[in-house]
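The values are calculated or read from the model by the stated rules, or taken from the named source; none is laboratory data. These numbers were taken from a predicted model, which means no experiment stands behind them. All Cβ positions, glycine included, derive from the backbone under ideal geometry; neighbour counts span all protein chains shown. Surface accessibility is based on the protein's heavy atoms, side chains included, excluding ligands, DNA and RNA. Shrake-Rupley method; radii C 1.70, N 1.55, O 1.52, S 1.80 Å.
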Amino acid sequence: MPGSRSTPLAIGPSLRWDALSRKLPTDLGDVLEVGCGRGAFTGRLVRRAKRVVAIEPDHQSFVIAQQQLGSSVQLRNIECSELSSSECFDTVCAFEVLEHIEHDRAALEDWIEHLRPGGHLVLSVPADSKRLGDWDEMVGHYRRYDRKEMKNLLEGVGLRVVDISQYNFPAGYFLETARNLIARRTLRKGAADKNFAERTAGSGRLFQPESSFTAAVMRLVSLPAIALQRAFPDRGLGLIAIAQLD
């Protein structure tokens, strides 16, 4: 579509998009993306969608997304609760969003209010509740998710689970170790004084490739990580869930 270009991806998001892109249908219909951040995945969703509405409450990330996406997406600097109740979609996506919300079931109920019958909810979240660590604390994660917990949560709001799988093995473990080391130092310097909303707002801007050189390096590093991920499917510290509203 005119007016858009794909935002470069850091290593973790590259692994996530590789896993997601092989599960998403080629035609997503009308799409709502909740919490689009800087628009990294939004520009990629556009290629598979009839129309994309993307919402991002953090103004700083919203401005960057506007610059990246141009007129190809209906981008709005709002919360999901501000959407008109009459706006409905074939696909509702939220990537690395649900773990930032204290009342996750209530959030899901709000999101599926905008889902047409037969439509799909697509989520990505950090996996393995036992690994909640310093990085999760620093970026405003209330929790991580286990498969059974996610299945129960989705079925509890009236959805039929289509697929739940994990990804980013083995690179996710190396990334987690590095992130926790960085977070431990950052928390000592006062990051723990920020509330969860402030931590969440800043999380989408961390470790993003800001130059063409950095983006190129991250692409090169991501290639072997993606190859290993594909060699060891359904393993890792990221979780993808797809559910349908019947």
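Compute the Cα gyration tensor for segment 1-130, then decide on rounded, prolate or oblate, letting a ≥ b ≥ c be the square roots of its eigenvalues: rounded whenever a/c is under 1.5, prolate when a/b is larger than b/c in the other cases, and oblate in all that remain. It would help to have the intermediate numbers written out before the result.
Numbers: a/c = 1.23, a/b = 1.09, b/c = 1.13.
Judged from the Cα gyration tensor, segment 1-130 comes out rounded (a/c under 1.5).
Express in nm, to one decimal, how much length is gained between residue 79 and residue 132 on full extension, taking 0.36 nm for each residue of separation and deducting their alpha carbon distance.
Details: separation 53, 0.36 × 53 = 19.08 nm, distance 2.62 nm.
Answer, rounded to one decimal: 16.5 nm.
Rounded, prolate or oblate: which fits segment 86-152 when a ≥ b ≥ c are the square roots of the eigenvalues of the alpha-carbon gyration tensor, with rounded for a/c under 1.5 and prolate only if a/b beats b/c? Intermediate results must be reported in sequence, preceding the final value.
Values: a/c = 2.64, a/b = 2.04, b/c = 1.29.
Taking the square roots of the gyration eigenvalues as a ≥ b ≥ c, segment 86-152 is prolate.
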Which of rounded, prolate, oblate describes the chain, given a ≥ b ≥ c as roots of the alpha-carbon gyration tensor eigenvalues and a/c under 1.5 marking rounded, otherwise prolate only if a/b is larger than b/c? rounded
Name the residues whose placed amide hydrogens come within less than 5 Å of the amide hydrogen of residue 162, ignoring near sequence neighbours (fewer than 5 apart) on the same chain. 242, 243, 244
Label residue 227 and residue 245 with points 7 Å out from Cα along Cα→Cβ: what is the distance between them in nm? 4.3 nm
Zone of residue 87's modelled label, taken as backbone nitrogen in segment 25-62 under 13 Å from a point 7 Å along Cα→Cβ: 31-36, 52-57
Separation in nanometres of the label points that stand 7 Å from Cα toward Cβ, at residue 71 and residue 160: 4.1 nm
Sulfur and carbon atoms: percent of accessible area, segment 3-140 [1.4 Å]: 45 percent
Roughly what would the spin-label model give for residue 220 and residue 21, points 7 Å off Cα along C-beta, in nm? 2.0 nm
For the chain, give me the percentage of DSSP beta bridges that are antiparallel, rounded to the nearest 5 percent. 40 percent
Karplus-derived 3J(HN,Hα), 6.51/-1.76/1.60, for each residue of segment 8-23, Hz, glycine and proline x: x, 10, 6, 5, x, x, 4, 5, 5, 5, 4, 5, 5, 5, 8, 10
The set of residues whose placed amide H lies less than 5 Å from the amide H of residue 115, leaving out same-chain residues fewer than 5 positions away, is 89
